[in-house]
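Shown next, in structure tokens, is the structure this report addresses.
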Amino acid sequence: MLFPPRLAPMVFSVLMSLYMVLLMTLVITWANTGLGEGFAGRWWRAFYIAWPVAFALILVGAPRLQRLTAKLIRQSA
């Protein structure tokens, strides 16, 4: 075990935000500017701006969204 269970929300938020931001900024940068010269720099700029925002939003929002999901899912008897 690398991390104690009490850090699970933090570890989840880091992993989820890295995964989502990496892929989304890659796709959006590619769609907007193409894969031409300077792509990696444009993508990196988008990534390092977006990642802290995504991390904070997931850290704060995930527990609330998990509770909302549980309320929206019909429990079978």
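The values are calculated or read from the model by the stated rules, or taken from the named source; none is laboratory data. Since we're looking at a predicted model, the values are computed, not measured. Here the Cβ is made from the backbone with ideal geometry for all residues, glycine too, and neighbour counts use every protein chain on show.
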Every listed condition ((1) farther than 19 Å from residue 17 by Cα; (2) small (Gly, Ala, Ser); (3) surrounded by 13 or more Cβ atoms within 10 Å (Cβ to Cβ)) holds for residue 36 save (3)
Across (1) among the aromatic types (Phe, Trp, Tyr); (2) surrounded by 12 or more Cβ atoms within 10 Å (Cβ to Cβ); (3) in a loop (DSSP other than H, G, I, E, B), residue 3 clears everything bar (2)
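Restricting to region 16-33, give me the number of residues that are among the hydrophobic types (A, V, I, L, M, F, W, C), surrounded by 12 or more Cβ atoms within 10 Å (Cβ to Cβ) and without any contact (Cβ under 8 Å) to a residue 40 or more places away in the chain.
In the first step, residues of region 16-33 are kept if they are among the hydrophobic types (A, V, I, L, M, F, W, C); the result is 16, 18, 20-24, 26-28, 30-31.
Then drop every residue that is not surrounded by 12 or more Cβ atoms within 10 Å (Cβ to Cβ), which leaves 16, 18, 20-22, 24, 26, 28, 30.
Filter once more, keeping what is without any contact (Cβ under 8 Å) to a residue 40 or more places away in the chain: 18, 20-22, 24, 26, 28, 30.
The qualifying residues number 8.
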Only unsatisfied item for residue 13, checking (1) small (Gly, Ala, Ser); (2) modelled with pLDDT of 95 or more; (3) surrounded by 10 or more Cβ atoms within 10 Å (Cβ to Cβ), is (2)
In region 42-77, anything among the small types (Gly, Ala, Ser) and surrounded by fewer than 11 Cβ atoms within 10 Å (Cβ to Cβ) is listed as 70, 76, 77
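Can you spot a residue in region 66-73 that is in contact with a helix residue (DSSP H, G or I) (Cβ under 8 Å, 6 or more places away or on another chain) and assigned to a helix (DSSP H, G or I)? Reasoning before the result, please.
As a first pass, look at region 66-73 and keep what is in contact with a helix residue (DSSP H, G or I) (Cβ under 8 Å, 6 or more places away or on another chain): none.
No; the residues of region 66-73 include none that is in contact with a helix residue (DSSP H, G or I) (Cβ under 8 Å, 6 or more places away or on another chain) and assigned to a helix (DSSP H, G or I).
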For residue 19, the lone unmet condition from (1) at pLDDT below 95; (2) closer than 27 Å to residue 2 by Cβ is (1)
Has region 40-51 got any residue that is in contact (Cβ under 8 Å) with a residue 40 or more places away in the chain and either on the phi < 0 side of the Ramachandran plot or in a helix (DSSP H, G or I) (or both)? no
